[in-house]
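Here is the structure we will look at, set down as structure tokens.
Throughout, read-outs are computed from the coordinates displayed, never taken from laboratory work. Note that the structure is a prediction, hence the values are computed from the model and not measured. Glycine also receives a Cβ, built like all others from the backbone with ideal geometry; neighbour counts cover every protein chain displayed.
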Amino acid sequence: MVSKISHKTNKPYSSYSSYSNYSVYSLYRRYWPLFSLFIFSFFILFALSSCGGKTKRGTTADTIALSPAPTFVADSAMAYVQAQCAFGPRVPGSAAHEDCAAWIGEKFQQLGAQVSEQRTTLNGYDGQPMACRNIVAQTNPDALDRVLITAHWDSRAWADNDPDAANHHTPVMAANDGASGVAVMLEMARVILQTGLSYGIDFVCFDLEDQGTPQWAESDGESYWCLGSTYWAQVAASEGYRARYGVNLDMVGGRGARFLMEGFSMQYGRPIVGMVWHLGIQLGFGQYFVPKDGGYITDDHLPVNRIAHIPCIDIIPSVDGAASSFGETWHTTADTPENIDPEALRAVGQTLLQLLYNDN
């Protein structure tokens with residue numbers, strides 16, 4: 001995924017007030033339950049943190065009224081992970097990259113979504129051009145009221161965090177760091193298009209998220225991460241695209257996944273974080289949605305916030321006791337379907353479906 005580098009600074013974005021006029025107004029106008037329950041939710045989250053994040057029946061953690069929501073099928077999502085990995089590592093410029101992009105677009109179309117693509121060429125860390133292919137799938141495309149759900153679909157070209165240095169130039173299969181987020185979006189699209197929502201969902205699969213400077217390179221920098229989402233956000237801003245809010249999914253299927261409340265998500269979309277974590281815990285997924293502050297992560301939600309001016313949060317893991325806080329398989333050759341936990345996929349997918357249908 002992204003550079004996955006935690007930032008210790010909490011410098012506010014200088015243009016925050018410029019987008020708050022319309023995005024926060026839209027949230028108040030169209031998603032008022034989120035704001036009315038914001039303070040209430042965080043009182044609950046504080047209380048839950050003292051008992052390990054587990055929901056207890058009979059407590060105030062059960063008090064949000066849940067609208068009927070379709071069932072997220074974990075086995076279906078798992079099949080989507082395996083289908084992407086069957087192409088091999090989806091490294092930009094490879095046949096697997098082209099073939100998988102076509103498959104993702106066709107699958108969304110088969111489910112009933114309206115699909116379009118953004119194609120461009122962007123330079124990598126070494127100055128070499130890379131073909132970028134963002135895939136956009138829309139439900140209810142004529143609706144002006146919209147929500148944005150995103151994930152990246154490319155595979156990292158180098159397993160530069162692998163414990164075996166001999167693998168550092170080997171492409172990553174990216175079952176978790178790429179395929180898992182797309183798989184959750186595909187399964188969400190499947191059930192949404194079967195049952196319907198009163199507003200539209202824009203599922204965006206970002207390319208070139210994970211091609212940032214490898215650890216073994218002489219130069220370093222974060223400007224080469226999230227290239228596809230940066231390009232998408234620039235186009236969205238220039239075209240006046242609006243969405244109520246956004247949720248980015250990154251590495252949402254790893255074994256032992258724990259999702260902390262990521263720092264930039266709290267900075268730009270604190271009420272959304274509060275509602276997602278509250279619903280996740282209330283639905284019984286407290287082992288995954290942990291009501292504790294996480295680090296500041298450079299990820300695809302940053303361009304969405306800073307360039308497109310859409311409040312967007314990041315669901316991304318923080319794994320205890322692993323060589324990397326993103327889990328043992330992050331940027332290694334072990335990021336394969338065998339190391340995906342279908343229950344983690346279900347926890348994320350069902351929680352987001354509940355979020356969407358609670359405002360239907």
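Is there a quick way to get the dipole size of the stretch 29-357? I mean about its Cα centre, with the Cβ of Lys and Arg at +1 and of Asp and Glu at -1; what is the value in debye to the nearest 20? Let's see the in-between values first.
Numbers: 20 positive and 35 negative charges, 318 e Å.
It works out to roughly 1520 debye.
Sorted by average packing, counted as other Cβ atoms within 10 angstrom per residue and highest first, what order do 275-281, 110-116, 164-170, 340-346 take?
Working: 275-281: 25.9, 110-116: 16.0, 164-170: 13.1, 340-346: 22.6.
Highest mean packing first, the order is 275-281, 340-346, 110-116, 164-170.
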